[in-house]
C-alpha cells in the first residue's frame, strides 16, 4: 500500500497535531497513520498508549469492536491478545443472538432494519475474531453466514466471491498457498482502493483493524 503524494503532507500535519492526545480513538488513529507511513516504531508506541488507555464507556458491538482493536494491537506487539479477543467474541455472539429472531424476510431492502445491521456487524466481527485466533474453519463459516445476509449490490465487487481473510483462512485450512496469496493480494488491493478514492483518510482510526489484518496476513505469507 502506498499513500498518495497529495495525502502525505496533511497526514504528517495531522499526526503532529494529535501527537499529545490521550483519547483512545485518536491514539489508534495515530498508530494507523504511522503504520501507513511505514514507521513501525511510532506505530507501536501509539498502540501501546491506546491499549493502556481507559476503555471507553461503550456497549454491545461498539465495545466489542474496541476490545477487538486492542487485541489486534497486542498481536502486532507480539503480546497475548486472548483476553480482549474472548471478551469481544462473547459480545458479538450476544449481539447476534439478540438480532437473529428479528431479521426481515427480505435482506435486500433499501434501508436495513436495526436487527439486520446488528447481525451484519456481529457476523463481521466474529469472522475477524476467528481469523485473529487462527480458527480457520470458524472464520470461513462466519464469512459465509455473514455474506448470506448482505445482498451482492452492497458488497465491494471482489468480495462477492469471498472476503480476503476468508480466502486466507481457506488457504491455511487446506495448506493452499495460492489461496493465501490471493486473500493477501485482495486485502492489499482493497485498502489501496479506499485510500486512492478517498474513503480512507489515513489519520482516522476506522481502518486500523483492516490494515492490521493485512499486516498479519503478510506475516503468514512470509512464513510459507
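The values are calculated or read from the model by the stated rules, or taken from the named source; none is laboratory data. In this text, all values refer to a predicted model and were calculated from it rather than measured experimentally. Glycine also receives a Cβ, built like all others from the backbone with ideal geometry; neighbour counts cover every protein chain displayed.
Of note:
Listed here are the residues, each with its yes/no results for (1) in contact with a helix residue (DSSP H, G or I) (Cβ under 7 Å, 6 or more places away or on another chain); (2) surrounded by fewer than 16 Cβ atoms within 10 Å (Cβ to Cβ); (3) over 12 Å from residue 209 (Cβ atoms).
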{"site": "60", "(1), (2), (3)": "yes, yes, yes"}
{"site": "64", "(1), (2), (3)": "yes, no, no"}
{"site": "67", "(1), (2), (3)": "yes, no, no"}
{"site": "73", "(1), (2), (3)": "yes, no, no"}
{"site": "99", "(1), (2), (3)": "yes, no, yes"}
{"site": "105", "(1), (2), (3)": "no, yes, yes"}
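- Only listed residue being modelled with pLDDT under 85, closer than 30 Å to residue 11 by Cα, part of a helix (DSSP H, G or I) and touching a helix residue (DSSP H, G or I) at 6+ places or on another chain (Cβ under 8 Å), chosen from 202, 158: 158
- Answer residue from the range 48-58, given it is outside any loop (DSSP other than H, G, I, E, B) and touching a residue at least 12 places away in the same chain (Cβ under 8 Å) and is surrounded by the fewest Cβ atoms within 10 Å (Cβ to Cβ) among those: 48
- Residue within the range 73-80 that is farther than 18 Å from residue 219 by Cβ and either modelled with pLDDT under 90 or in a helix (DSSP H, G or I) (or both) present: no
- Residue-level analysis places residue 2 among those that are part of a loop (DSSP other than H, G, I, E, B) and at pLDDT below 95.
- On inspection, residue 146 qualifies as surrounded by fewer than 22 Cβ atoms within 10 Å (Cβ to Cβ) and within 16 Å of residue 132 (Cβ to Cβ).
- Selection status of residue 99, assigned to a loop (DSSP other than H, G, I, E, B) and more than 19 Å from the chain's Cα centre (by Cα): no
- Among the residues of the range 15-40, those identified as over 18 Å from residue 2 (Cα atoms) and either assigned to a helix (DSSP H, G or I) or under 21 Å from the mean Cα position of the chain (by Cα) (or both) are 16, 17, 23, 24, 25, 26, 27, 28.
- Failed item in (1) under 14 Å from the mean Cα position of the chain (by Cα); (2) free of Cβ contacts under 8 Å to residues at least 12 places away in the same chain, with residue 175 passing the rest: (1)
- Selection from the range 28-47 of residues that are without any contact (Cβ under 8 Å) to a residue 40 or more places away in the chain and under 18 Å from residue 78 (Cβ atoms): 34, 39, 40, 41, 42, 43, 44, 45, 46, 47
- With respect to the stated conditions, residue 120 fails to be part of a helix (DSSP H, G or I), out of contact with any strand residue (DSSP E or B) (no Cβ under 8 Å at 6 or more places or on another chain), free of Cβ contacts under 8 Å to residues at least 60 places away in the same chain and within 18 Å of residue 69 (Cβ to Cβ).
- The single condition among (1) surrounded by 14 or more Cβ atoms within 10 Å (Cβ to Cβ); (2) within 18 Å of the chain's Cα centre (by Cα) that residue 45 does not satisfy is (2).
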